[in-house]
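Enquirer: Quick one: structure below, then a few questions.
The values are calculated or read from the model by the stated rules, or taken from the named source; none is laboratory data. Everything numeric in this text was worked out from a predicted model, so none of it was measured. Methodologically, a virtual Cβ is constructed for each residue, glycine included, from the backbone with ideal geometry; neighbour enumeration extends over all protein chains shown. Areas reflect the complete protein model, heavy atoms only, side chains present, ligands, DNA and RNA absent. Shrake-Rupley method; radii C 1.70, N 1.55, O 1.52, S 1.80 Å.
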Amino acid sequence: MPVASPLPAARPPPPEMDVDLDFDDEQDRDAFSSLDERAIEVRESSDPMSMLQYYRRLLPFKQLFTWLNQDLSHQPSRNFTHREFAFTLQNEAYLRYNSFSDADQLKREVCRLNPARFEIGPVYSAKPKDRKTVQKSGFRPTFRELVFDIDMTDYDEVRTCCSGKGICRRCWAFIAVAVRVLDQALREDFGFKHLLWVYSGRRGIHCWVSDREACELADDARKAIVGWLEVIKGSSNQVKKVDTSSTGGGGMGNHPRSLHPSLRRAIGGDGPASGPLKLAFVDTVLKDQDCFRSRRHWETLLQLLPSTETEAVGRLRTKWESSSPHSERSSLEKWSDVMEAAHRSGEHRSKSIWRPCLEDIILQYTYPRIDSEVSKHLNHLLKSPFVVHPATGRVCVPLDPEKVADFDPESDCPTVAQLLRELNSWEAKNGGGGGKPTSNMRATTASRANHSARKAGQGGGADNEDDDDDDDDSKGRTSASSPRQDWEKTSLKPFVELFQRHCSAIVKETRQHRKAQEKFSIDF
Amino acid sequence: MFRTAHPTDRVNGAASSSSSSSNHAATTTIHPTFNSKLVKPKYQHRLNFYSTPPTSEVTIEEFETWAIDRLKVLAEIESSSARNRSYAETKEVINSQLKRYLPLSANTAASKAIHLDLERRKDHVSHFVLRLAFCRSEELRRRFVKAETTLFRIRFETDDTLERESFLKTLNFDWQAVTLEEKNFYREQLVSVSPRIASTFESETFFKVHWTRVTDLVERRRVFVRGGVAWVPMKEQSSLVLAEFQSRLSRDLELTAKALPRLDEDDRLLPVLSHLSMGFMAGISNDYYANASIAADGETVITADMVDSLIKRHAPMCMRNLHEQLEEKHHLRHYARLQYNLFLKELGLPIEEALIFWRRSFSGITDDKFNKEYRYNIRHGYGLEGRRLNYPAKSCARILTQDQPGPQDNHGCPFRHFSPQNLSSALSRHYSLSVNEQSEILSAVKQGHYHVGCTRLFELTHSKLGVKKGEGLGNGESVSHPNRYFERSWSKFRQVQGEGEVVRLEGEDSNQGEEKVKEDGDHQVDVEMLSLP
Ligand code: SF4
Ligand SMILES: [Zn+2]
């Protein structure tokens, strides 16, 4: 494929592009100058020519293929060939039921259509593109990753820094704790291993579970997992949205309060035994977001306190009402007022009435809020990793769940424009674009040696030298320091490498599974 | 998904072909490889997960009658849910049905009178016959699985605790008991999931199963799950067993459906099977008693010749009356024709045979007149003319209340529309009832309880078949539809006949017996038919 000439530094934005500027966002208005810059960045990133360049040179199709295929790259399986891809074109046209025989074909079509984004659906019993030629009953979804979607808009009632489409480093903390808790539940409770967390490009995060067992789950099992992970329920006109006494493991009647072990692990015990939710409650809800400062917000808190403790709650109200605006009590102080009220009620009531209630409050403010519809159905479509979010120009990059908290969506996520600039400057430094032919279709593991220690990347890649590629690729390597892939020349590198390691682990397991099966059939 | 072939899947063919062709239940063939596992008696447990097909020879008769008996029970389960019966009510009704049609006694109940193996074999065979009949469509499979699961649940719950335990051990569930160490190690977690067990924790048993087996518990966070394994307390055991039963059965049915074309080679079974499934499709349980009972006659076709004897033996008085009138006058008026035609249709009389029957009965007119004036009418009743509606046979309620007979008419219900004198004389003429017997009926009728009179007549005329006062059509059910009356009478008769007694009903001419003597060879069903995967 010919290498396109470098882009001019800045192109005038095409007038018809919807750049989604969020002028109603307070924070953005404060930083109007940076918004300006960002708007330019968005326009440049979502410019059709930039998009095409990105698809041609940077998007790691081969890794994407391996990830979906779950098997060696030269053996396309039904997991890829029968997989649905849906494209949203620049003009918003939506094309469903596309399927491809391999990574090359997918890439060719993406470059031809130059879509604004594309989504990945399930593996069907027949090739989606042939669906009209097969019987209706012969075309049904059979296999797909278990997926989760967390969107910041569901946190509007608990975050104070942004609202709606906005997101900042501060409210990202809610996402971080959600990832922590979900990741733990999926691994420890359900035993899943291959979880890929992907920044959605604007205000949320997706999780793709690729374990064979997860992919084979029927809708009712997916629904059951959603039920397991759904703690916050109720509409916006309902104040109390968590009631663990009725949602399993409840302390009814004479039985002492008992929280389900999965929730207990998330909340944790006291002091140093605190779990992620408790820590997030203190750091994020009380300290950073100061969620109970305004009257509207602390009124909510009072309503969540035990309804039987009218006297104590009344005292708290009087205290908070009487404080003058300049000596207004912070959320942290208000919470310690609450704790003190609990304490004063005596040991029995503090334990049996206050504590469960306070734990419910912690859950309500910090427990993951997943978009359950996305997860419940086998045939849901979800945006592919590494596509570009049209409103931000940011690439949907995979993140290491251990480091999600350190990720700043506003500064750590590369945009298309930025990546193309990096590519240009690398080529300017290293003898321009004519240096050598580039094939995005051939990935390499060679570059792991000079892996840059970006936040989102993990330590090294030593655990899986031989797994994701076959030998033909490794033979042609020159040296570790000269990148062969365009993405290696940009800040996309650590993200692709993270993705690559993830794919390798999946492929490895597929291989082991196959070996075990072969052995089984011989034995049999 | 992989399913390793069970060794027995292949053994059955061999077992059947090597066995002698015998006609009786007693000759069961056990393949040598089974001896290590299955020692006598053949069925060690009352309950059955039906994971292996029957290995013994089955006669055509067993094949049909056993299946029909099971079908009756399943039908009652379906209609219970259609009627919104509570589970407790359903259980009660089904238990009494089971006693009648498909008894299954505990090991402890073994005695000379109860042949455990026979009961269990009937249960086993009938299940597999119905699998064949119901695997053909998604809808049938779903309904069959649902009804069978309920049946299993009822039996499971009534099983003797010890026998149940030892039965469960044989199933090789890959659920594993949680060891004492594990249990104690996770004590806090286990108790926090089900606080109620705190006091009995020491004696509580937990099983480990894959979490997808208990999705209902997972969804409500009612179980401890670790690494994909759910730790299910004993008290939730039955939900586990049932889920297992259900999922295995659905899986097996799909496999059977795929393998079914093999069965087409045996054309003796197909009509039986399709009749069985058609009846089930018809919905309400009672609807297929008619089809099923007639189908079970061995031949699926009732002929015009058979109508007379069937009516005289099994029909309720209203139909008997119409039949007698037709015989006598060679004619019936419009509403009478309508009532009788639909009754015969529902009985299973095919349209061709119906036309023959009516043509013969209307002996006083020319073919031309018959074709012009009546043929259309009869075909219309079968939904073959005009708006082509599928008219149902009239129920007692309709007969009693609609289209009241005028002075020239014979239709209607004798209990309601006859004068007491006429009713009394008809009762003695057709049924030779004594004065005492008659007065019971007449007094019920006097109070307006026409169906009570009709039900009592059923009891009296079937007393020699063991029907006692108060039993009605069975379990105290009263007459509500002439076709139900007919079917119960017919199946009562079959049942007794099947036990080898020759019983003649009241009012039956002595030379009426249309049973065919089948050749012995025809009676054998290749058991391979039941061994589909
Ligand atoms: S009660 Fe119904 S079934 Fe019985 S004779 Fe009267 S009409 Fe016929
Ligand atoms: Zn924010």
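Enquirer: How many angstrom lie between the C-alpha centres of segment B:222-236 and segment A:371-407?
Expert: About 32 Å separates the Cα centre of segment B:222-236 from the one of segment A:371-407.
Enquirer: Which loop-located GluC sites (Glu not before Pro) does segment A:269-377 contain, where loop means any DSSP state but H, G, I, E or B and the Cβ has at most 14 other Cβ atoms within 10 Å?
Expert: Details: sites: A:E299, A:E309, A:E311, A:E321, A:E328, A:E333, A:E340, A:E347, A:E359, A:E373; in loops: A:E309, A:E328.
Passing sites in segment A:269-377 are A:E328.
Enquirer: So, one more: How large is the convex hull of the Cα atoms of segment A:132-215 per residue, expressed in Å³ as a whole number?
Expert: Numbers: hull volume 11.9 nm³, N = 84.
Measuring per residue, one finds 142 Å³ for the Cα hull of segment A:132-215.
Enquirer: Largest first and in whole Å, what are the equivalent-ellipsoid semi-axes of segment B:363-407 based on the Cα gyration tensor, each being the root of 5 times an eigenvalue? Could the numbers behind the result be given before it?
Expert: Details: eigenvalues 119, 60, 11 Å².
Equivalent-ellipsoid dimensions as semi-axes: 24, 17, 8 Å.
Enquirer: Output ³J(HN,Hα) for segment A:349-354: one whole-Hz value per residue in order, computed from phi by the Karplus curve 6.51 cos²θ - 1.76 cosθ + 1.60 with θ = phi - 60°, and x for Gly and Pro.
Expert: 5, 4, 7, 8, 10, 6
Enquirer: Using a probe of 1.4 angstrom, how much of the accessible area of segment B:145-232 is carbon and sulfur, in percent? Show your work: numbers first, answer last.
Expert: On the way: 2090 of 4200 Å².
Taking all protein chains in place, segment B:145-232 shows 50 percent carbon and sulfur surface.
Enquirer: What is the average number of partner chain Cβ atoms found within 10 Å of a Cβ in B:213-226? Provide the component values of the computation, followed by the final result.
Expert: Working: counts 1, 1, 10, 3, 3, 9, 10, 7, 15, 5, 4, 5, 10, 6.
For this peptide, the per-residue mean of nearby foreign Cβ atoms is 6.
Enquirer: When a/c is below 1.5 the answer is rounded, else prolate if a/b is larger than b/c, else oblate, so apply that to segment A:330-423 with a ≥ b ≥ c taken from the square roots of the Cα gyration tensor eigenvalues. Provide the component values of the computation, followed by the final result.
Expert: Numbers: a/c = 4.52, a/b = 2.22, b/c = 2.03.
Judged from the Cα gyration tensor, segment A:330-423 comes out prolate (a/c at least 1.5, a/b above b/c).
Enquirer: Translational D (Stokes-Einstein, µm²/s) of segment A:248-358 at 10 °C and 1.306 mPa s when Rh comes from the Kirkwood sum over C-alpha pairs? Spell out each step's value before the answer.
Expert: Numbers: Rh = 15.1 Å.
Roughly 105 µm²/s, to the nearest whole number.
Enquirer: Also, quick follow-up: Going down the list B:K312/B:K446; A:K107/A:K493; A:K107/A:K489, which pairs span over 24 Å between their C-alpha atoms?
Expert: Working: B:K312/B:K446 26 Å; A:K107/A:K493 19 Å; A:K107/A:K489 20 Å.
Exceeds cut-off: B:K312/B:K446.
Enquirer: If you take the square roots of the eigenvalues of the alpha-carbon gyration tensor of segment B:103-196 and sort them as a ≥ b ≥ c, do you get rounded (a/c under 1.5), prolate (a/b over b/c) or oblate?
Expert: Details: a/c = 2.89, a/b = 1.53, b/c = 1.89.
Taking the square roots of the gyration eigenvalues as a ≥ b ≥ c, segment B:103-196 is oblate.
Enquirer: Only protein chains counted, 1.4 angstrom probe. Which residues of segment A:191-235 are at least 50 Å² less accessible in the assembly than when their chain is isolated?
Expert: In segment A:191-235, residues shielded by partner chains: A:A224, A:W228.
Enquirer: Quote the total accessible area buried by chains B and A together, excluding ligands, DNA and RNA, probe 1.4 Å, nearest 100 Å². All intermediate terms of the calculation are to be shown ahead of the outcome.
Expert: Working: alone 26010 and 23720 Å², together 47520 Å².
The contact between A and B buries close to 2200 Å².
Enquirer: Continuing with the same structure: Using Cα pairs closer than 8 Å and at least 6 residues apart in sequence, work out the relative contact order for segment B:50-140, in percent. Intermediate results must be reported in sequence, preceding the final value.
Expert: Working: 57 pairs, mean separation 39.2, N = 91.
Contact order relative to length: 43 percent.
Enquirer: Could I ask something else about it? What would the Debye equation give as log₁₀ I(q)/I(0) for segment B:321-386 at q = 0.16, 0.20 Å⁻¹, counting only Cα atoms as equal point scatterers?
Expert: Debye intensities relative to I(0), on a log10 scale: -0.47, -0.75.
Enquirer: Please calculate the 1.4 Å probe accessible area of B:E165, with all protein chains present, and give it to the nearest 10 Å².
Expert: 80
Enquirer: Let me make sure I get this right: for segment A:47-141, a, b and c are the square roots of the gyration tensor eigenvalues over alpha carbons, sorted descending. Under 1.5 in a/c it's rounded, otherwise prolate if a/b > b/c, else oblate. Which is it? Kindly include the intermediate steps, with their values, before the conclusion.
Expert: Numbers: a/c = 2.69, a/b = 1.35, b/c = 1.99.
Taking the square roots of the gyration eigenvalues as a ≥ b ≥ c, segment A:47-141 is oblate.
Enquirer: Between B:L171 and A:E299, take the C-beta separation as r, use R0 = 56 Å, and let me know the FRET efficiency to the nearest 0.05.
Expert: Values: r = 58 Å, r/R0 = 1.03.
For R0 = 56 Å, the calculated efficiency reads 0.45.
Enquirer: Something else now. Please report the carbon-and-sulfur percent of the accessible area for segment A:72-200; probe 1.4 Å, protein heavy atoms only, DNA, RNA and ligands left out.
Expert: On the way: 2250 of 5020 Å².
After summing per-atom areas, the C and S share lands at 45 percent.
Enquirer: Segment B:290-414: D in µm²/s via Stokes-Einstein (Kirkwood Rh, Cα pairs, 37 °C, 0.692 mPa s)? Could you put the intermediate results ahead of the total?
Expert: Working: Rh = 14.9 Å.
So the translational diffusion coefficient is about 220 µm²/s.
Enquirer: Return the Rg/Rh ratio of segment A:110-167 with Cα-based radii and a Kirkwood Rh. Write out the running numbers ahead of the final one.
Expert: Details: Rg = 18.6 Å, Rh = 15.3 Å.
With Rg and the Kirkwood Rh in hand, the quotient comes to 1.21.
Enquirer: Once you compute Rg and the Kirkwood Rh from C-alpha atoms, what is the Rg to Rh ratio for segment B:411-479?
Expert: Working: Rg = 11.4 Å, Rh = 12.0 Å.
The Rg/Rh ratio comes out at 0.95.
Enquirer: Pop out a list of residues from segment B:167-206 that are at least 40 Å² less accessible with all the protein chains around than in their chain alone; 1.4 Å probe, no ligands or nucleic acids counted.
Expert: Those are B:S192, B:P195, B:R196, which lose 40 Å² or more relative to the chain on its own.
Enquirer: Given segment A:261-320, report the % of alpha carbon pairs whose separation exceeds 16 Å. Write out the running numbers ahead of the final one.
Expert: Working: 1017 of 1770 pairs.
Every Cα pair in segment A:261-320 considered, those over 16 Å come to 57 percent.
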